[in-house]
Every structure is written in structure tokens, then in C-alpha cells.
1. Between TYR196 and GLU178, how many nm apart are label points set 7 Å from Cα along the C-beta direction?
2. I need the phi-derived Karplus couplings for the stretch 21-35: 6.51 cos²θ - 1.76 cosθ + 1.60, θ = phi - 60°, integer Hz, Gly and Pro marked x.
3. Measure off 7 Å from each Cα along the Cα-to-Cβ vector at VAL257 and GLN39, then give the distance between these two points in nanometres to one decimal.
4. What is the percent carbon and sulfur in the accessible area of the stretch 169-302, measuring with a 1.4 Å probe over the protein chains and ignoring ligands?
5. Report the residue, chosen from ASP72, ASP189, ASP141, that carries the largest GNM mean-square fluctuation when the chain is represented by alpha-carbon nodes joined by springs under 10 Å.
6. Could you give me the ³J(HN,Hα) list for the stretch 271-286, computed from phi with Karplus coefficients 6.51, -1.76, 1.60 and θ = phi - 60°, whole Hz, x at Gly and Pro?
7. Using θ = phi - 60° and the Karplus curve 6.51 cos²θ - 1.76 cosθ + 1.60, what whole-Hz ³J(HN,Hα) does each residue of the stretch 69-76 get, with Gly and Pro shown as x?
8. Please name whichever of GLY179, VAL104, THR212 sits farthest to the positive end of the charge dipole of the chain, dipole taken about the Cα centre and charges placed at Cβ: Lys and Arg +1, Asp and Glu -1.
Amino acid sequence: MPRATSVFLGSPPAAIPSLLALAEATDLRAVVTRPPARQGRGRRVHPTPVAQAADGLGVPVHAPAATRDLFDLDLAVDLVVVVGFGALIPGELLGIPRRGFINVHFSLLPRWRGAAPVERTILAGDARTGVSVMQMDAGLDTGPVLATSERAVGDHDAGTLTALLAEDGARLLVATLEGIVAGTVKARDQVGEVTYAHRLRTDEGCLPPGDTAVDLARRIRAFTPRPGAWLETNRGRLKVWSATPVVGDVPLGTWVVEGGRLLLGVGTGVLWIKEVQAEGSRRMAAGEWANGIRHEFPMLQP
């Protein structure tokens, strides 16, 4: 029996597990990704992580400059799989593959449709999240769901949770693939409260000291590793990489070193600061930073 034919669309590191799984399970005809972008201090041009991962697969890799260029590609395959491509797919293309376009989305749809589902999941304090394999339609993550898998959010930050969901998504895709190709998987309409995961704005990473310790810790986790969360101080921004809410009694805006822990009094509760990065410095343990400034802590700005 001939293997199913496929095309893959994706760009970020989180798309790579599904790319490799699809290449293993099907006859992968092409990989489509976003164009190279200038990054870093030298502004050098770098291909997307998916483009780099696809180099050794022996299939053509395309990086169209605009979504209209997708019309030039041969999409007459059994299915096209999309994971974090970073652009809307023109509706006219969705019916070309025999089984359409299949999206691996990192939330339990219809909760957190959109660009930043993992980050918004953490910000909202959701206890559970997961992956949805869905049939794409012309809307934004509105298509019927073919399969889901769940996991606890726990204390993961956005980076580690995304990596876990990327592996979950690849496994779910492979487990569902045969039924998708055969047409035996039953799609179900999305049911439940619809929420939208709008793209993160950099300014949302600012940590208001008057907020609760629980909310601040969530914000730090949601904005780690990118675009980052920070405290505004009279000495500039202090990026916070890791923190945990703890029980205690520390006045608002006051720094305390207690039992080897760096504690900060916030609106409600106490924030145990674990890792920080001052402007112009490197990422380091909070205790090392505190020793470096001789415990002469900066004042927080409202």
C-alpha cells in the first residue's frame, strides 16, 4: 500500500517534532516555512528553525515571501500539516489536498484560539491545557477537531510548556494520521467558551509591584523566555527569569534576604525571586545579583 503524501507548513522550533514525525510516517513532498529574518546584534539573516531542521530531509524547502506565493506550490497531496506557520492560509487552497489542511494547535479548542495559546493559558491561570489536531477552515482556529490530548500546566514557563506540547502534538498527529488519510476519523465541532490568545505585546511584560504574587509569578512564567518580564526600578529594568509566590509578610516594594532566598513584598503576598538579569548584565541567580550589589537594592517604580 503506498504511503500517504504530505506537505508541511511551519516555522518555529515547536513545529519541528511534528515535521520529523510527518517525514517518518508519510511521503513528505515539500516543507514550506517563513522567509529568513535578520536577527541578533549583527543583523545576520537566519533561516527559520524549521528550514534548518528540514535541510537533512532531502525534500524541497520553500520560503515564500508572501502567502499569495503558496498558489505556486504543488499541494495536490493527501494532506497538508500546519504547525505555527505564522501566516493565514488563503481559503482557496484549503480544498486542494485530498484530506485538506490539518493544524496542530497548542490548546484545547475553542479555548485560546490565536497566536499565543500557551502564554495566554499560563496568564489566565488555567490548570490544564493540551493539543488539538483540527481540520482547518477559513476562520482563525475555528475548524472541527479531530483529536485532543491533555496535560497539566503545572509550574512550567511558556518555553518548557511549549516544548512539551510540541512533543505531545507530534505523537497525537502520528496516532491520528492513518484515520485522517482513510477518512475514518470523525471530526467534532468545537464546543465551549471561545477565548482568543492575542499575540503578546512587549509592554505586557512589565510587572506592576502592586499586583498579587500569584499573578506576577504567572506573568513571569508566561513571558519566559520571550519577550521577557521585568520590574521597573530607579536603576533601569530588572528582568525576572524565575519567581515563585510564597507566604510571608514583607512590605510592598521591600527586598528581604531570608533563609538564602531573595524575597520581594508585592501587592498581596510575597514573591520569591530566583533568577534575574540587570540591564547590561547576564542572567544569574538572584542571590548572586544581591551579593553583587551588596544588598543595596533598587527602588521599584509604580
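1. Label at TYR196, label at GLU178, 4.0 nm between them.
2. 5, 5, 5, 6, 9, 9, 8, 7, 8, 6, 10, 10, 9, 6, x
3. Spacing of the two 7 Å Cα→Cβ label points: 3.7 nm.
4. 50 percent
5. Among ASP72, ASP189, ASP141, the largest mean-square fluctuation in the Gaussian network model of the chain belongs to ASP72.
6. 9, 7, 7, 10, 9, 9, 8, 6, 4, x, 10, 9, 5, 7, 4, 4
7. My calculation for the stretch 69-76 gives 6, 4, 5, 7, 8, 7, 9, 7 Hz in order.
8. THR212
The values are calculated or read from the model by the stated rules, or taken from the named source; none is laboratory data. Note that the structure is a prediction, hence the values are computed from the model and not measured. So basically every Cβ, Gly included, is an ideal-geometry build from the backbone, and we count neighbours across all protein chains shown. These area figures cover heavy atoms from the full protein model, side chains too; ligands, DNA and RNA do not enter into them. Shrake-Rupley method; radii C 1.70, N 1.55, O 1.52, S 1.80 Å.
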